[in-house]
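Notes for the one structure printed next.
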Amino acid sequence: MRRARRRVKIKAYPPKFPRSIDLIDKLGLQVAVGAGDLKVQFLLGEVSWQTRKVKPEIKEGLLSESRIKLKPISRNQAEYIFGSLEPANSLIVKQKDILKDITEGLGLEPSEALAVSIKERVSIREVNELPRELQEFEHLQGANDLYHYESYTSDHTGIITRSFRLPKGFLRSLPRVIRNELVENDIVRRTDPILRRIRSVLRTEWILPDTGEGWNALLPVMKPLHISLANPYWWQDVGIPHDMIMNGGLIKPLNVQVYKLHRRGYLTAIQLPEEIFGL
C-alpha cells in the first residue's frame, strides 16, 4: 500500500477572490443529502465517540491509500487519511466509499458515522458538466477535470459581531444556517444530536485544471466557475468579497474576509489561512 500523503505547496487564493463554500462539513450528512457519489482523491477526516474503549494504533483502511489513526484521550478519537493532496497523483473514490471505509474500519454505529468531520478534501469535478461558455474558455480547453481543494474553518461570526459591536444578525452564522436548512429539508430532526456538532464549514483554497496550469489561469472566469460548481448542491454557496462599512468606516477583521453569499444573499465572515494575508 502506498502511504497516504497530505501536503503539497499550492498557494491558496487571495482573500478578495470569490470562493465556493460547502456548508456541510460532516461526511455522513454529505451522503445523506445526496453527495455520496462526489469523487474524491484526498480526504482528511476526524471522528470522536464514547461507546467503546479503543487502544492507540495506526491501521490500514479497507481502501487502498487509506489509514486510520486511533487517538483515545478523554474520549475515543480517530483521524482518517485517504489519498494524496497533490493533483493527478492518487486513486479516486466516491465519498460514500470513504464513509463506508471509516464506518467499517472503526465499527461505528449509524449515528456515530454521521459525525465524521471533513477537515480537508480534494474533490474532482468534470469540465464537461460546466456550462458551454465555461467549457469554451481557452484555459479549460483540453481539460477533463478540475481539482477542488477545500479545508474546514470554524464559525467566527459571533466573535466578530461582539468585537466590532455589529447589529445582531448583521453577519449570519453559516453553521446555524445549515442546521436550520437540514431540518427544513427533512434530512434530520430538530432534536437530532448531530446538529449540535455542526460548527464548521468547508472553504475553497484553490481549484486547478488537470492541464497543469495554476489557478491564475482561471482568473477571468473565477466567479461564474464557482457559481456553476455550487449550483447543483443546495447546501453550497459562493462567497463574493464584500466591504463591511459601519459608521462611515471600513471594517477589516484580522485574518477574516467578509463575503456576501451569491445564492442566499447573507453577509458572513470566513477565516482564511494567515499566509494569504501576509501575516
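The values are calculated or read from the model by the stated rules, or taken from the named source; none is laboratory data. Keep in mind that what you see is a predicted model, and the values were worked out from it rather than measured. All Cβ positions, even for glycine, are placed from backbone atoms using ideal geometry, and neighbour counts span all protein chains on display.
Restricting Pro175, Pro209, Pro193 to residues that are of a type outside the set (A, V, I, L, M, F, W, C) and within 18 Å of Ile124 (Cβ to Cβ) narrows the list to Pro209. Pairing each residue of the range 226-246 that is of a type outside the set (Gly, Ala, Ser) with any residue that is in a strand (DSSP E or B) and exposed (fewer than 14 other Cβ atoms within 10 Å of the Cβ), provided the two are 6+ apart or on different chains, yields C-beta distances under 8 Å for Asp243/Leu250; Met244/Leu250.
A residue that is crowded, with 19+ Cβ neighbours inside 10 Å, among the β-branched types (Val, Ile, Thr), at pLDDT 90 or above and outside any helix (DSSP H, G or I) occurs somewhere in the range 9-21. The criterion of being touching a Lys or Arg at 6+ places or on another chain (Cβ under 6 Å) and not hydrophobic (A, V, I, L, M, F, W, C) holds for Thr153.
Selection of first residues in the range 39-66 that are within 30 Å of Leu229 (Cα to Cα) and of second residues that are at pLDDT below 70 and loosely packed, with under 12 Cβ neighbours inside 10 Å, restricted to Cβ pairs under 7 Å at least 6 apart or on distinct chains, gives the following pairs, ordered by first then second residue: Ser64/Met1; Glu65/Met1; Glu65/Arg2. Residues in the range 10-44 that are more than 13 Å from the chain's Cα centre (by Cα) and more than 18 Å from Leu219 (Cα to Cα): Gly28, Val31, Ala32, Val33, Gly34, Gly36, Asp37, Lys39, Gln41. Against the condition closer than 20 Å to Ser151 by Cβ and either at pLDDT below 95 or not in a loop (DSSP other than H, G, I, E, B) (or both), how does Ile24 come out, does it pass? Spelling it out, it is not the case that Ile24 is closer than 20 Å to Ser151 by Cβ and either at pLDDT below 95 or not in a loop (DSSP other than H, G, I, E, B) (or both).
Filtering the range 232-243 for residues that are more than 17 Å from the chain's Cα centre (by Cα), small (Gly, Ala, Ser) and surrounded by 13 or more Cβ atoms within 10 Å (Cβ to Cβ) leaves an empty set. Among strands (runs of 3 or more DSSP E) entirely within the range 114-210, having at least 1 residues that are over 28 Å from His242 (Cα atoms) singles out 117-126, 145-154. For Ile178, indicate whether it is at pLDDT 90 or above and farther than 17 Å from His226 by Cβ. Here the answer is yes, as Ile178 does meet what is asked. Condition check for Asp101 on (1) assigned to a helix (DSSP H, G or I); (2) under 16 Å from the mean Cα position of the chain (by Cα): one failure, at (2). Within the range 149-191, which residues are closer than 19 Å to Leu27 by Cβ and surrounded by fewer than 15 Cβ atoms within 10 Å (Cβ to Cβ)? Residues satisfying the conditions are Ser154, Asn185.
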